[in-house]
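I have placed the structure first, in the form of structure tokens, so that the comments after it can refer back to it.
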Amino acid sequence: MSYPLENALFQWEEGHRNIAALRQEAGGVRDTDRALRALADELRRRIGPTFTAVELAQLYAEGTDWCSQVALDTGATAEPQDLADAAFWLYLRGARDFSGGRQLSPEEAAGI
């Protein structure tokens, strides 16, 4: 059974909001940016450059413990789960069936 995309989107967007708020409060963003870049690199390694939103949600459902380790390794001070969720939200922009905050129809994804 696949992980519901709607649940993942809610969590990812919330994490992204939390990170954005932290960045505005703290002013220093280097460790957050470093962690997000490292997480994006790991997402690319795990799922590749060509994926669907549902496939990304399924990867998320498999667990994000690895995200905490990446955050720790980069020295990030933000909450690791917020960093993970924000990274998934940002990586979602590259999904072949997702654009502008909505899932594309099969015809739109195929360019028809």
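Just so you know, all these numbers are worked out from the coordinates, no wet-lab data involved. Owing to the predicted nature of the structure, the values given are computational and were not obtained by experimental measurement.
Kirkwood hydrodynamic radius computed over segment 5-109 comes to 13.8 Å, based on all pairs of distinct alpha carbons. Scanning residues 5 or more positions from Phe98 or on other chains, those with amide H under 5 Å from its amide H are Leu104, with H placed 1.01 Å from N in the peptide plane.
Suppose the chain between Glu6 and Arg93 were pulled fully straight at 0.36 nm per residue; how much longer would it get relative to their current alpha carbon spacing?
Result for the pair: 29.8 nm of gain on full extension.
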